[in-house]
1. I'd like to verify a number: residues in the range 154-171 that are within 10 Å of the ligand (Cβ to nearest atom) and open to solvent by less than 10 Å² (accessible area, probe 1.4 Å), how many?
2. Taking the range 239-285 as the search range and keeping residues that are surrounded by fewer than 16 Cβ atoms within 10 Å (Cβ to Cβ) and in a helix (DSSP H, G or I), which one is farthest from the ligand (Cβ to nearest atom)?
3. Based on this model, can you work out whether residue 213 counts as surrounded by 15 or more Cβ atoms within 10 Å (Cβ to Cβ), part of a helix (DSSP H, G or I) and of a type in the set (D, E, K, R)?
4. Which ones in the range 286-305 are outside any strand (DSSP E or B) and either within 12 Å of the ligand (Cβ to nearest atom) or surrounded by 19 or more Cβ atoms within 10 Å (Cβ to Cβ) (or both)?
5. Output the residues belonging to the range 141-153 that are part of a helix (DSSP H, G or I) and away from the ligand (no atom under 16 Å from the Cβ).
6. Taking residue 174 as meeting all but one of (1) open to solvent by 10 Å² or more (accessible area, probe 1.4 Å); (2) over 16 Å from residue 83 (Cβ atoms); (3) touching a helix residue (DSSP H, G or I) at 6+ places or on another chain (Cβ under 6 Å), write down the number of the exception.
7. Any residue in the range 297-312 that is closer than 14 Å to residue 127 by Cα and touching a helix residue (DSSP H, G or I) at 6+ places or on another chain (Cβ under 9 Å)?
Amino acid sequence: MGQAHRIAIIGRGTVGGGVVDILAREGAVIARRCGVDLELAAVVTRTPSRQRSQALPPGCRLSADFGLVLDDPSIQTVLLLVGGTTDAREICLRCLTAGKHVVTANKAILAEFWDELFACAERHGVCLGFESSVAGGVPVIGALRDGLVANRIDAVQGILNGTCNYILTMMEEAGLSYDEALAQAQALGYAEADPAFDVNGSDTAHKIAILARLAFQTRINFRQVDIRGIEALGPGDIASARRLGCRIKLLGIAQRFPDGISLAAAPTLVPLGHPLASVRLNYNAVNIEADAAGPNTLIGQGAGARPTASAVLSDVVAIACGERALSGPRAHGAPLFDLPVIF
Ligand code: HSE
């Protein structure tokens, strides 16, 4: 067995449950593969008495009290897996200030409080990992931060919300109504606690703001993303798109121009022959235009317990192994440039 790295989960919802599940099934193999034994020391949830399908490992504490994580110096990394911004921001700052690494899937706090959170992490010499915040199991943050580090990125565009992509797919392929398709996406664990954030485009906007920050290394004001959702789309729109040889996809788009950048989250007509047109169900796809590497498209499941938990654990392993990729300027898109948002 490898060296122990003690972690705590805050939030035992869909993603927290996915992490517990993967650790139970694969923890021993991960330990041998990576040389670190991820020890689940505590789970904090508002409803500790609720029955769950997965058992916690022996010795893991279960509580509604987040203070137990702060007070336990043996806990090295906190997996912040709750939604919303107010409590989540506060918990994140308190964990970082207590000298704990944080790994989070909460794209809203990242998009809205990026500079504050990363400044706090840097001050306290800890990492803030966020691979799971964009495109679920698709390793797009690592691709931008590491794989494409030698490139100037000219554009990032993609299907970034699994719920909306599921709804649009089921409306077109199975003839479901918008409400029926949304109910299925919720039942499958894809949607946010308040699915309005999925369908009104906010979730995609948060994600494209994060990708733009890494891609362009400029400060991104989330309020400058032009946001439109899919709530008003009906079968007539889908049929009209088809007649034009297209499919409607909710895209996040960040593009570089000579005098600045544009940021948008909006339903878009995608020609049927384009790679993004054939991305179905809860799958996400991100197309990155890189100057040296050329275009790259990453496709995979963008929502759901196990895909998102897979991304969470990739950050945890990197931190536990002491990899430098999650600290320093490139880990948090240090603002090297001042690019205005032009439209
Ligand atoms: N609600 C989000 C989605 C979850 O549907 O993509 C993953 O961020």
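The values are calculated or read from the model by the stated rules, or taken from the named source; none is laboratory data. This one's a predicted model, so the numbers in the text were calculated from it and none came from an experiment. Reconstructed Cβ throughout: ideal geometry from the backbone, glycine too, with neighbour counts over all protein chains shown. Ligands, DNA and RNA are stripped out before the accessible areas are found, and what is left, the full protein with its side chains, is counted by its heavy atoms. Shrake-Rupley method; radii C 1.70, N 1.55, O 1.52, S 1.80 Å.
1. 8
2. Result: 243.
3. When the stated conditions are applied, residue 213 passes them.
4. Let us first name the residues in the range 286-305 that are outside any strand (DSSP E or B), namely 291-293, 302-305.
Hits for the range 286-305 are 302, 303, 304, 305.
5. From the range 141-153, those part of a helix (DSSP H, G or I) are 141-147; that's our starting set.
Scanning the range 141-153 gives 142, 143, 144, 145, 146, 147.
6. In the conditions (1) open to solvent by 10 Å² or more (accessible area, probe 1.4 Å); (2) over 16 Å from residue 83 (Cβ atoms); (3) touching a helix residue (DSSP H, G or I) at 6+ places or on another chain (Cβ under 6 Å), residue 174 misses (3) alone.
7. Within the range 297-312, one or more residues are closer than 14 Å to residue 127 by Cα and touching a helix residue (DSSP H, G or I) at 6+ places or on another chain (Cβ under 9 Å).
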